[in-house]
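We did not get these values from a lab; they are worked out from the coordinates using the rules stated. In this text the structure is predicted, and so the values were computed from the model without any measurement. Note that each Cβ is placed from the backbone with ideal geometry, even for glycine, and that neighbours are counted across all protein chains shown.
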Amino acid sequence: MNQIINRVLGFLEDQVTAVLFGIVVIIVFVQVICRALGMSLPWSEEVARYINTWTVYFGASRCVRNSKHLSVDILPLLLKGKAHKIHALFIDVVCFVFFAYVAYFGVQVLNELLIFPQKSAALRINMVYCYAAPVVGMVMMAIRTVQKMVEHVKGPAINESTQEEGGAA
């Protein structure tokens with residue numbers, strides 16, 4: 001089961017993110033060319049913004065997967081062995097609670113948008129598709145955080161040699 005989750009999330013985090021980012025680059029490039037020629041594509045800015053939002057949340061999940069999210073490393077560098085492992089697990093629990101909290105309230109916003117739909121300005125698409133990005137991203141990050149917690153619990157205590165090789169959380 002964990003392999004299937006890893007494959008699906010990895011596909012979204014890597015391939016889909018790359019494709020979405022490429023689409024944003026192309027749309028913005030075409031818009032710049034059109035404006036230089038005196039034309040305008042009123043939908044391009046909106047599409048680029050919404051696709052970029054999805055890209056950011058998929059990329060954030062990848063950062064959680066690779067432990068590359070923003071952090072202050074002074075305490076993990078000072079802690080050794082079991083204390084380091086407990087600290088890493090504590091940070092993961094705090095992150096999980098945050099991701100779950102945001103996802104929970106995001107689902108409530110999505111429910112409201114399903115009851116009282118809002119349309120985007122240029123494309124007139126239902127905003128539920130735009131507001132779903134944070135919810136999906138937070139769920140993906142929560143899953144990745146649970147995977148990291150399991151690794152911390154099952155894995156050996158981090159010693160000095162692992163920390164020197166970049167194993168700090």
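Values for this structure:
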{"read-out": "About the Cα centre, charge dipole magnitude for the stretch 2-164 (Lys/Arg +1, Asp/Glu -1 at Cβ), debye", "value": "140 debye"}
{"read-out": "Against the rule of thumb 2.2 N^0.38 Å, how large the Cα Rg of the stretch 58-156 comes out", "value": "1.38"}
{"read-out": "Selected from 145, 76, 135, residue furthest toward positive end of dipole (the chain; charges at beta carbon)", "value": "135"}
{"read-out": "C-alpha long axis of helix 44-65 to longest principal axis of the chain, angle in °", "value": "10 degrees"}
{"read-out": "Packing-based order for 23-29, 61-67, using average beta carbon neighbours within 10 Å, highest first", "value": "61-67, 23-29"}
{"read-out": "Residue-count net charge about residue 55 - beta-carbon cut-off 11 Å; Lys, Arg +1, Asp, Glu -1", "value": "+1"}
{"read-out": "Cα-centred dipole magnitude for the stretch 1-69, charges only on beta-carbon of K, R (+1) and D, E (-1), debye, nearest 20", "value": "180 debye"}
{"read-out": "Anisotropy class of the stretch 68-117 from Cα gyration tensor, a/c 1.5 cut", "value": "prolate"}
{"read-out": "Largest-first principal axis extents of the Cα set of the chain (Å)", "value": "62, 39, 31"}
{"read-out": "Charge tally in the Cβ shell below 12 Å around residue 146, where Lys, Arg are +1 and Asp, Glu are -1, residue 146 excluded", "value": "+1"}
{"read-out": "The chain: angle of helix 2-11 to the longest principal axis, Cα-based, in degrees nearest 10", "value": "40 degrees"}
{"read-out": "Within the stretch 1-78, GluC sites (Glu not before Pro) in DSSP loop having at most 14 other beta-carbon neighbours inside 10 Å", "value": "none"}
{"read-out": "Crossing angle, helix 128-154 versus the chain [Cα axis fit, 0-90 degrees, rounded to tens]", "value": "10 degrees"}
{"read-out": "Cα-centre dipole for the stretch 70-135 with unit charges at Cβ (Lys and Arg positive, Asp and Glu negative), debye to 20", "value": "100 debye"}
{"read-out": "Highest-first arrangement of 73-80, 87-94, where packing means the average Cβ count within 10 Å", "value": "87-94, 73-80"}
{"read-out": "Hits among lysines - C-alpha to C-alpha of residue 68 under 27 Å, sequence gap 8 or more where chains match", "value": "80, 82, 85, 148, 154"}
{"read-out": "Lys/Arg +1, Asp/Glu -1 at C-beta; the chain dipole; positive extreme among 126, 21, 51", "value": "126"}
